[in-house]
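Student: I'd like to ask you about the structure that follows.
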Amino acid sequence: MLLALAGRIENLGHQLEEAKKESTTDSLTGLGNRKMFDAMAHRAVHMHALSRQPVVLVMVDLDKFKMVNDMYGHQAGDQTLVNVAKCLSKVFLRQTDVVCRYGGDEYAVVLNNTDVKVAHMLARRLIETIGLMPTPHNSMEFAVGASMGIAAYDGEENLESWIARADRALYTAKQMSGDRIAIAGATLAVS
């Protein structure tokens, strides 16, 4: 009887762990979801307060994604999101990198112990990697790209203002015709 009870408790423990993982994982891409992003970004802010290690937020928004859905359907759009998730996982490899689907065709990456220069290099690599990904439809005559906004956490702001700065940088990059990276700072740099 005790052995059977121990087995049931162990099984419940596994089910609980699986449910916890599912609650923080985007079901389409397998990346972290918005809930995970919120928790890990909050944690990064607290860790910065303790260690003063640099932390950078990269917001990623796909260029021409709406055209994929409109012209080739939502199945092609879903495949595009999955392909981009694979690209993100190839570029942001460290266990400390937090890669999440932020919503729709937007992703967020928290780079712990990373400065803006390294984040910019990784963002460039992501643009190149996305440029090489397969198209979700054989007759697709355009490539999906990505625009990115980068913001280093300044140690003084709250989480919402950090995200807002990265989002404003992303918006600036989007206005520059795609496949652009904007870095938030005293003077906004776009490459």
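The values are calculated or read from the model by the stated rules, or taken from the named source; none is laboratory data. Quantities reported herein were computed from a predicted structural model and do not represent experimental measurements. Note that we place each Cβ from the backbone using ideal geometry, even for glycine, and neighbour counts take in every protein chain shown. For the accessible areas, the whole protein counts, side chains as well, though only heavy atoms, and no ligand, DNA or RNA atoms are used. Shrake-Rupley method; radii C 1.70, N 1.55, O 1.52, S 1.80 Å.
Student: Residues in segment 119-134 that are out of contact with any Gly (no Cβ under 9 Å at 6 or more places or on another chain) and open to solvent by less than 50 Å² (accessible area, probe 1.4 Å): how many?
Tutor: Number of matching residues: 7.
Student: From 155, 185, grab the single residue that is over 20 Å from residue 69 (Cα atoms), at pLDDT below 95 and open to solvent by less than 40 Å² (accessible area, probe 1.4 Å).
Tutor: 155
Student: Any idea which residue in segment 25-58 is nearest to residue 94 (Cα to Cα), counting only those that are of a type in the set (Lys, Arg) and free of Cβ contacts under 8 Å to residues at least 40 places away in the same chain?
Tutor: Once the filter is applied, the top-ranked residue is 43.
Student: Right, another one. Take residue 163 and decide whether it is in contact with a strand residue (DSSP E or B) (Cβ under 9 Å, 6 or more places away or on another chain), over 26 Å from residue 53 (Cα atoms), of a type outside the set (Ser, Thr, Tyr) and in a helix (DSSP H, G or I).
Tutor: It is false that residue 163 is in contact with a strand residue (DSSP E or B) (Cβ under 9 Å, 6 or more places away or on another chain), over 26 Å from residue 53 (Cα atoms), of a type outside the set (Ser, Thr, Tyr) and in a helix (DSSP H, G or I).
Student: Which residues, counting only those in segment 97-118, are of a type in the set (D, E, K, R) and crowded, with 16+ Cβ neighbours inside 10 Å?
Tutor: 97, 101, 105, 106
Student: Follow-up. Does segment 50-58 include one or more residues that are modelled with pLDDT under 95, outside any loop (DSSP other than H, G, I, E, B) and either out of contact with any Pro (no Cβ under 9 Å at 6 or more places or on another chain) or open to solvent by less than 50 Å² (accessible area, probe 1.4 Å) (or both)?
Tutor: The answer is yes, given that some residue of segment 50-58 is modelled with pLDDT under 95, outside any loop (DSSP other than H, G, I, E, B) and either out of contact with any Pro (no Cβ under 9 Å at 6 or more places or on another chain) or open to solvent by less than 50 Å² (accessible area, probe 1.4 Å) (or both).
Student: Does residue 168 satisfy being free of Cβ contacts under 8 Å to residues at least 60 places away in the same chain and farther than 25 Å from residue 69 by Cβ?
Tutor: Yes.
Student: Please tell me if residue 73 is open to solvent by less than 10 Å² (accessible area, probe 1.4 Å) and more than 23 Å from residue 118 (Cβ to Cβ).
Tutor: no
Student: Considering only segment 69-160, give the strands (runs of 3 or more DSSP E) lying wholly within it that have at least 1 residues that are touching a residue at least 40 places away in the same chain (Cβ under 8 Å), in contact with a Cys (Cβ under 6 Å, 6 or more places away or on another chain) and not polar (S, T, N, Q).
Tutor: It comes to 106-112.
Student: So, one more: Looking at 141, 160 in this structure, which one is open to solvent by 50 Å² or more (accessible area, probe 1.4 Å) and closer than 17 Å to residue 34 by Cα?
Tutor: Criteria check complete, one pass: 160.
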